[in-house]
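J.: Have a look at this one.
The values are calculated or read from the model by the stated rules, or taken from the named source; none is laboratory data. What you see is a predicted model; the values in this text were computed from it and never measured. Every residue, glycine as well, gets a Cβ built from its backbone with ideal geometry; the counts of neighbours run over all protein chains shown.
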Amino acid sequence: MSEHWLQTPDWSWNHSPNSEPTYVHHWVKQLNEMKTPDLILYGSPISRSSISVSGASLYPEAFRKMWKGFATYNLDEDVDLTTYQVADAGDVVMHTTDILLSHQRIQAATAYLIQQYPQTPTCMIGGDHSTTACAVRGIKEALADETIGILQLDTHLDVRDPKELGPANGTPIRQLVDGNIVKGENVINIGLHGFYNAKPLIDYAKEHKIKMVTLKQSRKQGLIHTIQGALEQLSAKVDRIYVTVDMDVLDISVAPGVPASTPGGMTAIELFDSLLEIGKHPAVQHIDFVCLDPSKDTAVAETVKTGVYAWLQFITGRILQSR
């Protein structure tokens, strides 16, 4: 249960030659350089537990490298990101072949970060969606008396049976519900659509009172209104909210670089607007971005760029929250 499983990312930190950082890779600092960060970032580079063929383990590295393409100023919101201190704790060290051991390390590393920095929000960069169950268990380990709610942006329910598949990326919500870590009634999934969830999975979700909001429903009532409503519902019942963003919630036309890409999903703008709103809510203490496979992207890396932009929108929301 220590920092032993966190490793500094294998890339160089490039500090700005100017007095103030101007690009994201100038702004984010290593955790050991900060005493009281506003957010702790860490990576969980595993994709062996994915049902689909996946290179999502490559995303934490691709995510950091893409920082060089983004400035620290959000023109749309007139927000300077450098007022918010982000510390990078590095990546959880994965075992080469042992999935369960790798999952245990993610849980242990998450618990360690929460114990050492109990007031600091966390952001995990996956990895496939199996990592979410590990992270939430780590939070519960560190904060046993607190109730956790989950806001899930996803095309899939992720309630497949781990007894049949093992702790795969299609099972994290069921792992948490069946394991009594999170109550089904404290899970809200926004972004479901189309033909991508078999009826037995929907039956399980209904049985356990998981709230399902289809993308069609959320657009009809207004996506931002839907997000706001979900956050208010959860914050009235739980001590803290964990947001999990499965990048396959996006439409295949804007995000080809996910293992289970589908037509009919969110636009990039819808995701960006949603994350700005999510960042504003004080009950949101944890977030992850999972299931982004850089190896499936085109040469222009549109999905990786979209993932970084989405994260920066969340950070912008955090800053707006304090205004």
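J.: If I filter segment 279-293 for residues that are acidic (Asp, Glu) and in a loop (DSSP other than H, G, I, E, B), do I get at least one hit?
T.: Scanning segment 279-293, I find at least one residue that is acidic (Asp, Glu) and in a loop (DSSP other than H, G, I, E, B), so the answer is yes.
J.: So VAL254 clears everything in (1) outside any helix (DSSP H, G or I); (2) of a type outside the set (Ser, Thr, Tyr); (3) under 29 Å from VAL53 (Cβ atoms); (4) in contact (Cβ under 8 Å) with a residue 60 or more places away in the chain except one condition, right? Which one?
T.: Answer for VAL254: the failing condition is (4).
J.: Give segment 220-229 a look and list any residue that's free of Cβ contacts under 8 Å to residues at least 12 places away in the same chain and closer than 16 Å to GLN152 by Cα, or say none.
T.: HIS225, GLY229
J.: So, in segment 168-191, of the ones that are touching a Leu at 6+ places or on another chain (Cβ under 7 Å) and either surrounded by fewer than 24 Cβ atoms within 10 Å (Cβ to Cβ) or farther than 17 Å from SER218 by Cα (or both), which residue ends up modelled with the lowest pLDDT?
T.: Looking at residues that are touching a Leu at 6+ places or on another chain (Cβ under 7 Å) and either surrounded by fewer than 24 Cβ atoms within 10 Å (Cβ to Cβ) or farther than 17 Å from SER218 by Cα (or both), I get THR171.
J.: Just to be sure I understand, how many residues within segment 33-85 are assigned to a helix (DSSP H, G or I) and either among the aliphatic types (A, V, I, L, M) or farther than 30 Å from ASP161 by Cβ (or both)?
T.: Within segment 33-85, residues that are assigned to a helix (DSSP H, G or I) and either among the aliphatic types (A, V, I, L, M) or farther than 30 Å from ASP161 by Cβ (or both) number 15.
J.: Of these, SER261, SER253, which one is hydroxyl-bearing (Ser, Thr, Tyr), loosely packed, with under 14 Cβ neighbours inside 10 Å and out of contact with any Lys or Arg (no Cβ under 7 Å at 6 or more places or on another chain)? Give the steps one after another, and end with the answer.
T.: Values: SER261 fails: loosely packed, with under 14 Cβ neighbours inside 10 Å.
None of the others qualify; the one that does is SER253.
J.: Next question, about the same structure. On the basis of being buried (at least 18 other Cβ atoms within 10 Å of the Cβ), out of contact with any Gly (no Cβ under 9 Å at 6 or more places or on another chain) and either at pLDDT below 95 or outside any loop (DSSP other than H, G, I, E, B) (or both), does VAL136 make the cut?
T.: Here the answer is yes, as VAL136 does meet what is asked.
J.: Testing LEU151 on (1) within 15 Å of VAL284 (Cβ to Cβ); (2) in a helix (DSSP H, G or I); (3) among the hydrophobic types (A, V, I, L, M, F, W, C), one condition comes back false. Which one is that?
T.: (2)
J.: Looking only at segment 100-127, how many residues end up being part of a helix (DSSP H, G or I), touching a strand residue (DSSP E or B) at 6+ places or on another chain (Cβ under 6 Å) and either among the aromatic types (Phe, Trp, Tyr) or closer than 21 Å to GLY55 by Cα (or both)?
T.: Of the residues in segment 100-127, 2 are part of a helix (DSSP H, G or I), touching a strand residue (DSSP E or B) at 6+ places or on another chain (Cβ under 6 Å) and either among the aromatic types (Phe, Trp, Tyr) or closer than 21 Å to GLY55 by Cα (or both).
J.: Filter segment 34-52 for residues that are modelled with pLDDT under 95, surrounded by 12 or more Cβ atoms within 10 Å (Cβ to Cβ) and farther than 27 Å from VAL258 by Cβ and give the result.
T.: Across segment 34-52, the qualifying residue is only MET34.
J.: Can you tell me which residue in segment 164-187 is nearest to SER102 (Cα to Cα), limited to those that are β-branched (Val, Ile, Thr) and in a helix (DSSP H, G or I)?
T.: For segment 164-187, the residue satisfying everything is ILE173.
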